[in-house]
Structures are given as C-alpha cells and as structure tokens.
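To keep things clear, I will list the structure first and then write my remarks on it.
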Amino acid sequence: MKSPKENEIVEFLVEVFENCARHQSLTVLAIDDIQWMDPLSWKVIQGLYKKGCKRMMIIAISRPLQDYSLKIDPLFWDELQLEAQNAIPNFYNIVVSAMDREDMPGLISSRLGCSADLVGAEFCGDIYEKSGGMPYFACELVDEIKRQDSLVRDERGAIRWSTNEKGILPLDKSIFSSIDSLFLRRLDALDGGLTILLQLCAVLGFEFQLSELMRLYISCQSSSLDSEDLDHYIEDLLQAAVEGNVLVEALSGGNKSIEDEDKTIDEGDEDESDEGLPLDEKLCLSVDPISSSDRFYRFTHAIWRNCILDTLLMERKHEIHRAIAISMEAETLKHNSTDYSVMLRILGHWKDGKNTAKASETALQIHHTFDRLGLFRQSLVVLQEVLPLWNADIVKREEDIVVFYDKSDTTVDDQPKFLEQYGPKDLKLIIQLLIAKGRCMGSVCEGKGQFLAFHNAHFVLRYAVQAGEIENRQVSFPIFSALLLLLKLGETPLSSHDECAYEQAVVRDFVIETQRHGSPAHICRALAAKAGVFAKYGMLERALETKQEMHNIYQGGSYSEEITKAYGSDRAIQCYGLAILWYDILGREKELEIQTEFILNKLVPQIDLTNVHNTFMLLFPLMCSMKRRGMALRAREILVSNVIEKFEEHFGEGKSTFFRSMYKPTEILYGLAGGLWSDTTSETWDEMVQWTLKSETGTFSPHMESATQGIGRDGKGTVAEICLILVKSGPLDDEASLLLLGKGLKLAKESIEKSKGKEISLYSYNQAVEVYKELINLEKLLCSHSWQRVVA
C-alpha cells in the first residue's frame, strides 16, 4: 500500500476535526505546551484556521515563546500577528504572567475565608515572595500554614503570623525557603505505603492509568494481600493522595473531566527541559485507548512529581522504568496491539530505564509503523531521540566525510574508541537505526542529511571492531544501494576527486559484504555496481573485467528474480546492457555483436517482462547502439514488443513508470531514423511536427535526464535528433524547418552541457555533439536558401 503524502494527512485530519465540530454549537480545541508541537500538527492547526470554522475555538498554550523556537511556518506566524492587530481579530495573543503583589490579598483571603483587607501586610508579603506570584504555589503555602495552625488574628481582626510570649514563631519560616522544601515537608509527613505508591506513580508519568499502576505495584512490591484486598489497599492510598491534593482523578469510565484539559505530561525526570518530554507529547499524537472501566489519575502539579522522583535513587528509578516497559510490552502482546501511542510510551520507559538496545528495537518498530502511514518527520523525531544514546551520528560535518577513505585498508588508527564497546547485536541495531534515518531523510527531501546518515552507517560497518561478527550481513546492503544512488544523483557534498575515491571504497566494501553473506545473487548485484563505478570514471576495461566476473556467477539470469525482489530491479542484468555501450565506445565490434545476441536470445526470454522498468534498463543501451549501427527499425521493434506493449498489457492507460516519458520520443526517433514514414502523406509529417514543437515535448525531469544519459541517450538529445531528421527528410516549409532547427539546437546544446566532462555520459554526449553539428550546418544552409533535403 502506498504511503499517504503529508498534505493528504493534513487534509484528512482537518476534515476529521471539522466533522467533529459540525453538529456542535461550540467545540474547544485546547492544546498545552505548543512550544514542543511538531510541524505536522502545526499544519493541521493552520489548516483549521484557514478553513475559518465558526463553531471551533482553538486555545494554544505555551511557556514563554522567547525561550523556545516554534516549529510553525514563519509566514503563518506572521499572518497571525497581523491578524491580532485588527479591530475584531480571529487571533488573540494573550501573555499570562505572575500575579501582581496587590492581587495577593484577594487570593489569600479566598483560601482563608475572610475579606482581603484583613490579610496582614507582612504575611501577604512573605507569601508573595516565596510563591513568586504563582497562584498554585501561593495556595499550597497558605493551605500548609493553615494545617500547621500558624496564623492568628490581632486585636483589629487582621491575620498575621502567630508567636509565643517571647515573640518567636512556633512555625519555623525557614521551611518555606523554597517551594520544593514545602513539598518535601509534606511528603515526609505522608504514610510510608503512600510514599512508595506515589514513587511508582511518578515514574509512570504525570498522568497514569489505574490498571497500569496495579500491574506495576505487583511487579515491584511484595505483598501478602490477595488480589481483591490489594486493589482496595491501592485505591485507599490513591484516595488519600487525592484528598491531600497530590493527585486528582482526571478520567473515569472513558469520559474526560474538564480538568483534564489542563494536563502537562512529562514522562522524563525534569519538568523544565523538553529532553524529558515523552515522544507522544513532542509529536502531539493520541493517547491510549481507554477502557470504560479504567480510571486515570494525574498529579495536581509537575512539581509534585519532580519532588517525588528526587526521593528515589537513580538506579531504583531505572529499575521501575524497565519494569513498566516490560509490563506494557506484555500487554501489547497479549492484546496483539500495534498502537503507536503505546509504543511511544514504552520507548520512553526503555530510554529512561537506560536500556538502549530495547529502546532502539522499539524505535524501529515505531519507525516501520510511521513509515506505512507516511509520517516520515515524526519517525525522524523518534530516531533522533535514540541515536544519541549510541553516539551514532559520528560524522556531523560534511568536510570530515572523506578523511577515513584516504586508506584502502579496513581499519584506521583514529577510529572513535567508543565503537570498541559495542558487540555485534548492538552494532546491528545502530546500523538499522541509521538506515531508517537515512530513508526518512530521503522521504522528506533532505538529501545531504540522507547521505550523512548512510555514510555513518557505512562508517560503523567498516570500522567498529566487532562489526565483522554481525551474523546477517544482509542488514548492510541498503547502505550501499543508497550511497550509490545518492552519488549517482549528485546528492553529496563531495568534490569530484573525493567522490571517485569514496565511490570505489563503497563498491569495494559492498562486494566484501556480499561475499561474507555468501548469496550469489547479492554478489552479482555488488559486482554490477563495481563495474558501473569503473565505467563512471572511464575505466572501461576494468568495468568489462568485473562484468565478466559477475557473468561467471550470474549463470544467464537465474538470479534475476531474487535480485529484483531485494533491490526493486535487477542491476546485475542491467550491467549486460551497459556493457554494450562499453564495447561500442572501445570499438570492440565482435564482442559487441556477441553481447547483443546474448541479451536478446538468452536473457530476454528469462526475465519477467512485466517489470518494464527492469526491461527498459537492460534494452535501452542495446537499442541506442543498434540505432547508431544502422539497425534503428530492429531497435524500434524490440522497444515496442518488449517494453511498450508489455506496459500497456500489464498496466494500461493512466499508469506510469519512471521511464514512461521516454517511450514515445524513442519510438519516433527509431522510426524516423529507419525511414519508416518516408513514403507516408504530408499529413503524418504534420502531426509529428506539431507533436515535436509542443512546449512539453523535450521537457524531462533532472533525474530522468541524469539516468538516461548514463544508459545511452538522454531525452533532450533524443528530441533534438527528431528535429534534425524531420528537417532533413520531411516535406516541410521553411517556417516549420526554422522552428524545428531552433528547438533542436536548444535541446542538443542543453544535452551537451549536462553530459560534458562526465565519463558515464560519454556515449550520450558524443551523439548529442554529432546532432548539434548537423543542426548548425542545416541552419546555415536554410538561411542561405542554398540547400536541399536529403532523405536520411
């Protein structure tokens, strides 16, 4: 199934929200901590705003924006700021700060049940100073002071600190030196059983399910109580925590309470850093499906959770995180669940439990789920959470890339020492994570980042001490396929000199890895890549020697199906087609004829002709050579019967394949070059001229041009020669001839400029130069009115 595009996901989610709001008088979408919101979620919010839904209010809450960088489209943010300046805006920007000192008496009086004018100035000042003007902290301070009975009324009825006969406060105000000290004091006063339970709650998260807490308690605490009594015991402890304003029941029976909209989840151990924030919050994804019989609790404030976490030894914290992850994994297996929101929480617990290997395995599972959904940027967020745990982004600067490829051996003196600590299983995980990151980078069109990810994977494979002991060598093959493709497309920061050495090192290692794996099919694929690299840099004799080495293993196409399944197309069989060009350039006519007949009589009958991409890659170089040698009509017959007709038969109208846009120009060129239409009416020529002069004819994607230049002839050069033959052979007037000459010259020149100086494009370049020269001569003759048409 094809993954949806990002804009399709956004449109779908916008429509879902619209449908939810359509039959309501007002729908409020409240989002907390938007400073951590991912770009995709911002696009959904932007889509909802643009729709202008009158029945929806979006409330987005954040910490001070000057401390964070929002992942929002800058143009959309600017649009919102301009909208806020309108008389009746659709966007309001409200800055909420701490309370003013003069507002504090009103808050204190509401907690004490008296009028504001009775709150003493000293007492009010102390509360304001210690709370920093934060309402929640001020309320907690006042409530604790009430519990300690440390306030009295003076003769005027004003509320002040109580003192003994010597003027000493019975309550030591130093315990309120910080808010943390207040919360720690309250924790010390709690029942021991409740403290232990709250520690488990804190490690579970800011918000947690009762069922999760029950499972965790059983796995972490020994108890003589039976199941029913244990349930009552835990529920009684939770009720005490609720009464003490430490916890609040946020969700029960599948219905969210209003309070729940104010949640601030933090799966990590620190509230002030986004590093501890759980991945499902960073991605703004859904929470777990909620059982109608389950209950949710959350801490009344993050400071409660952080203080409780501070009472735990670090190793104990890690043990609890690991216990949670094991419990949650067991539940997902029990219910055969693939819910990625649950998997994200499991990942967070493995990560906080310092089990990097399990965190990596979970991250890869999430990546595969996101990949199927087209959530490539979200997948990158997950992978980039895990990779730093291994220090796996070894090379971060582009200028450092080629340093370790200056030697041809398989070790270097200055390899990162941290690689020595990892065994084969760990190294396999690191490589898989980097491959996944590279693929995601490619999916979001980050070519340089994609190259660095695969480059780092290759580095680990090449230089880690125990990388040679990885059992399944096939795990490394995507590295080489990706690097070779990126090098072919020019998606690297390397200079041409460095690129040559780098690419040869890549194919050399590819061959070594496939030989370690032992599969003849993969060895053939690697040897084909090696031959292609030799040819790319003008070493045609070595390319042909490597092709022969491959041929001795390939056994006439018997591994084609296996290679195609693993790599998408059979590069080994395509190597036979490229060898046609190499023989042709070297002038080795006898081998050229033998190779041509071998392909047509031996390989073509064995390959799967429904894979028209593979067939085109094999036959296109052969057809280019046949056309150059005067066999254009035979080349056209091969194209039509093996590619065009097979595409129409198996795919049909409205479908496409990478080289589809080359079918018609190539078919027309071969027909014209072979004189197929020399005796037809002028009407046929007019139709071909009209098609050729269309603006879209001769327009091809850069990737298409790059690919076809390397296998014989690019699209621009092909259409340029069509222009040439039409002018030379057709019954045309001077106006049509001049138009064709102008277009042909333009396309031929562009073809020459793109292929000039590239050994891999030499065959295409030579033909484009010949066409360009002929077009120049014809233009001169036509302009001088001293020429006559010569039938090609």
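The values are calculated or read from the model by the stated rules, or taken from the named source; none is laboratory data. The shown structure was predicted, so the numbers you read here are calculated from the model rather than taken from an experiment. Virtual Cβ from ideal backbone geometry, glycine too; neighbours counted across all protein chains shown. To get the accessible areas, we keep the full protein, side chains included, count just its heavy atoms, and leave off ligands, DNA and RNA. Shrake-Rupley method; radii C 1.70, N 1.55, O 1.52, S 1.80 Å.
Observations, loosely collected:
- All-pairs alpha carbon distance profile, region 435-554, 5 Å steps from 0, percent: 2, 11, 21, 22, 20, 15, 7, 1, 0
- Separation of alpha-carbon centers, region 53-99 and region 328-398, rounded to whole Å: 32 Å
- Radius ratio Rg over Rh of region 679-786, counting only Cα atoms, Kirkwood formula for Rh: 1.00
- Between 0 and 90°, nearest 10: helix 762-784 axis offset from the chain longest Cα axis: 60 degrees
- Cα pair distances of region 484-568 binned at 10 Å [whole percent]: 18, 47, 30, 5
- Just so you know, the Cα atoms of region 315-359 work out to an Rg and Dmax of 10.1, 31 Å.
- Theoretical FRET efficiency, 1/(1+(r/R0)^6), r = Cβ-Cβ of Met214 and Trp161, R0 30 Å, to 0.05: 0.10
- Straight-distance candidates among the lysines for linking to Lys694, with alpha-carbon spacing under 16 Å and chain neighbours fewer than 8 residues away dropped: Lys664, Lys716, Lys743, Lys746.
- Taking 7 Å steps out from each Cα toward its Cβ at Glu361 and His335 produces label points 2.1 nm apart.
- Region 336-379: C-alpha gyration tensor shape, a/c 1.5 cut-off, then a/b vs b/c: prolate
- R0 of 25 Å, Cβ-Cβ distance Asp126-Asp310: FRET efficiency to nearest 0.05: 0.50
- Cross-link pairs exceeding 30 Å between alpha carbons, from the set Lys728/Lys756; Lys425/Lys758; Lys5/Lys756; Lys130/Lys351; Lys428/Lys488; Lys71/Lys448: Lys425/Lys758; Lys5/Lys756; Lys130/Lys351.
- Alpha carbon centroid spacing (whole Å) that separates region 184-251 from region 505-581: 63 Å
- Whole-angstrom gap from region 721-768 to region 422-497, using each part's C-alpha centre: 40 Å
- The chain: angle of helix 340-352 to the longest principal axis, Cα-based, in degrees nearest 10: 70 degrees
- Considering only beta bridges that DSSP places wholly inside the chain, some 70 percent are antiparallel.
- Only Lys, Arg, Asp and Glu carry charge here, each on its Cβ (+1 for the first two, -1 for the last two); on that basis the chain has a dipole of about 3240 debye about its Cα centre.
- Two-site label geometry, Leu26 and His368: point separation in nm, points 7 Å out along Cα→Cβ: 4.7 nm
- Helix 734-755 axis, angle to the chain major axis (alpha carbon atoms, nearest 10°): 60 degrees
- Judged by the mean number of other Cβ atoms found within 10 Å, the most tightly packed of the peptides 499-512, 95-108 leads the ranking 499-512, 95-108.
- Estimated 222 nm signal from helices in the chain, with DSSP H stretches of n ≥ 4 weighted -39500 (n - 2.57), rounded to 500: -19000 deg cm²/dmol
- Percent carbon-and-sulfur accessible area, the chain, ignoring ligands, DNA and RNA, probe 1.4 Å: 51 percent
- Projecting the alpha carbon convex hull of region 206-251 along each direction and taking the average yields 3.5 nm².
- Summed over the residues of region 46-128 and divided among them, the accessible surface reaches 67 Å² per residue at a probe radius of 1.4 Å.
- Amide H contacts for Thr27 (H built 1.01 Å from N in the peptide plane; partners 5 or more residues away or on another chain; cut-off under 5 Å): Met56, Met57.
- Accessible surface, region 537-676, averaged per residue in Å² (probe 1.4 Å): 44 Å²
- The simple spin-label model puts a point 7 Å past each Cα toward its Cβ; for Glu102 and Glu759 those points are separated by 8.3 nm.
- Taking packing as the residue-averaged number of other Cβ atoms within 10 angstrom, the listed peptides 469-479, 377-387 run from highest to lowest as 377-387, 469-479.
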